[in-house]
């Protein structure tokens, strides 16, 4: 099958030409940010950099970084590059008010995001002949809207099922012959298991490809999904700060994700020293969005640890490939697609009168993430009344649910049982084999 | 005349109850009565011991979370319907028994000792006194 591109002239653009395009866009973007985003301009001034110092991507390292802390500080409007009247949409990350990221989009920003998603769908073999079922959540979460827009651009018939209601998902796949499925990998695995339980064989399922992202998944999980659904499963990467899914996507090679370099310049840095690392090194992924208008992220630290490769790809795309992120340089956990910081759990415990002595155990049971918060029983908390203890346990579960948007299990454990290394408690045990 | 019971928090998994009884044994504590209530992931062991202060110290040193709880020890006639008779009067007096377990019976007196946690200790005591049912003292339990 001949490789299918959405924008072949860009996706296969020779490196030299792409670099010129990036450098030009970068110069314009730095000026745009300097003129319109006082927050970032101040950061540049503090570093003694002005737009004249930035000639091309070799000068990127002169620019200051942006991190999640900046987003919090500047919340909600402080990093906008366009007045509100030019914006047409917001999207937001999961998480609490304190950690929530609200990203703004002009129509231009939405178009470039949807183009990126359209490229991902085409790379998975999608055309206007396809029926694309988008089972990512719709709403503030970027998954649904992003792939929905991409599917429209490709011209596929789009089924906006959103997440949940598994029976209905399967009914639409069957009755409307969906050929492409977009959702989180864990939901794809769950759909596959459910269909197998219903007695459906891979050859009975019309799907031929899936585009799965928003959470970490392994090669083993990919094979499982591919076998049960009888499809080819493609990875997709993105984050709300930069648009949403589609910042990078897999091609038929399934060996790293092509970064949409005409929109995003990627760097790999040492998360400790913040120094830019040579090509091929493993480190923290940093992105500069070079033509987003409303929310122009400059040198945004993703906290994802991975490496980049410029080895030629057989698919014909010339854009750099990023390896699947191996982990994170902060303590953020992604549980069932939701961003969770241990500090949020600590806050809930303290608010409910528990000591901040806890352990978070994350596991994956039948392809679904589980979150178990273990709390040490203290003399102050203990009572002879079981009902009272259980009631407090329930209150804690509810508190966690409203803070994280996730159902967690709360286990009470005996004092001093939470493992400590060198006097410091180990807060997170991630047993997931990804 | 309530007696003091020690309640201990235990995780609901193999070995925790053993650790508790071993700790008490090593501390020279004799159990006079005991019950274990469990939920899915934790349990509470409730005990009457021969030496309350010593037991509390031993448990604290071994880092068992515990609390002292007033309960009543009722000497119930060891005959058919003996317990029912007491509970009938409790019901009439609107005294609720939250939990109950038995201590070692005393052959000599022909009575069984029931340890009860009730909502209203005073009302329970009055009911028992009216019925001429004896309450057992802490020392008596210790020497049993």
Test of understanding: among B:30, B:26, which residue is modelled with pLDDT of 95 or more and surrounded by fewer than 19 Cβ atoms within 10 Å (Cβ to Cβ)?
B:26
Subset of the range A:132-180 (residues that are in contact (Cβ under 8 Å) with a residue 60 or more places away in the chain and either assigned to a helix (DSSP H, G or I) or more than 20 Å from the chain's Cα centre (by Cα) (or both)):
A:143, A:145, A:146, A:147, A:150, A:153, A:154
Out of (1) within 14 Å of another protein chain (Cβ to nearest Cβ); (2) in a helix (DSSP H, G or I); (3) at pLDDT below 85, the odd one out for residue A:392 is which?
(3)
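This table checks each residue for (1) surrounded by 22 or more Cβ atoms within 10 Å (Cβ to Cβ); (2) in a helix (DSSP H, G or I).
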position	(1), (2)
A:193	no, yes
A:196	no, yes
A:203	no, yes
A:206	no, no
A:220	no, yes
A:228	no, yes
A:233	yes, no
A:237	yes, no
A:255	no, no
Show me the strands (runs of 3 or more DSSP E) entirely contained within the range B:1-74 in which 2 or more residues are over 30 Å from residue B:123 (Cβ atoms) and at the interface with chain A (Cβ under 10 Å from one of its Cβ atoms).
B:3-11
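Every residue, every condition in (1) more than 30 Å from residue B:48 (Cα to Cα); (2) touching a strand residue (DSSP E or B) at 6+ places or on another chain (Cβ under 9 Å); (3) within 11 Å of another protein chain (Cβ to nearest Cβ), yes or no:
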site: A:358; (1), (2), (3): yes, yes, no
site: A:365; (1), (2), (3): yes, no, no
site: A:369; (1), (2), (3): yes, yes, no
site: A:372; (1), (2), (3): yes, yes, yes
site: A:380; (1), (2), (3): no, no, yes
site: A:383; (1), (2), (3): no, yes, yes
site: A:396; (1), (2), (3): yes, yes, no
Does residue A:246 meet the test of being in a loop (DSSP other than H, G, I, E, B) and assigned by TED's automatic domain parsing to the domain that holds residue A:13?
no
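Residue-by-condition table, conditions (1) surrounded by fewer than 19 Cβ atoms within 10 Å (Cβ to Cβ); (2) under 23 Å from residue A:93 (Cα atoms); (3) at pLDDT below 90:
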site: A:345; (1), (2), (3): no, yes, yes
site: A:356; (1), (2), (3): yes, no, yes
site: A:377; (1), (2), (3): no, no, yes
site: A:410; (1), (2), (3): no, no, no
site: A:415; (1), (2), (3): yes, no, yes
site: A:421; (1), (2), (3): yes, no, yes
site: A:429; (1), (2), (3): yes, no, yes
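A quick yes/no check of all residues on (1) farther than 28 Å from residue A:333 by Cβ; (2) at pLDDT 95 or above; (3) in the same structural domain as residue A:174 (by TED's automatic domain parsing); (4) surrounded by fewer than 16 Cβ atoms within 10 Å (Cβ to Cβ):
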residue: A:40; (1), (2), (3), (4): yes, yes, yes, no
residue: A:51; (1), (2), (3), (4): yes, yes, yes, no
residue: A:61; (1), (2), (3), (4): yes, yes, yes, yes
residue: A:68; (1), (2), (3), (4): no, no, yes, no
residue: A:93; (1), (2), (3), (4): no, no, yes, no
residue: A:109; (1), (2), (3), (4): yes, yes, yes, no
residue: A:130; (1), (2), (3), (4): yes, yes, yes, no
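Any residue at all in the range B:117-125 that is closer than 23 Å to residue B:10 by Cβ, in contact with a strand residue (DSSP E or B) (Cβ under 8 Å, 6 or more places away or on another chain) and assigned to a strand (DSSP E or B)?
Let us first name the residues in the range B:117-125 that are closer than 23 Å to residue B:10 by Cβ, namely B:117.
Cutting the leftovers down to in contact with a strand residue (DSSP E or B) (Cβ under 8 Å, 6 or more places away or on another chain) gives us B:117.
Narrowing further to those that are assigned to a strand (DSSP E or B): B:117.
The answer is yes; a qualifying residue exists.
The values are calculated or read from the model by the stated rules, or taken from the named source; none is laboratory data. Nothing here was measured: the structure is a model prediction, and the numbers come from that model. Please note: Cβ atoms are built from the backbone with ideal geometry, for glycine as well, and neighbour counts cover all protein chains shown.
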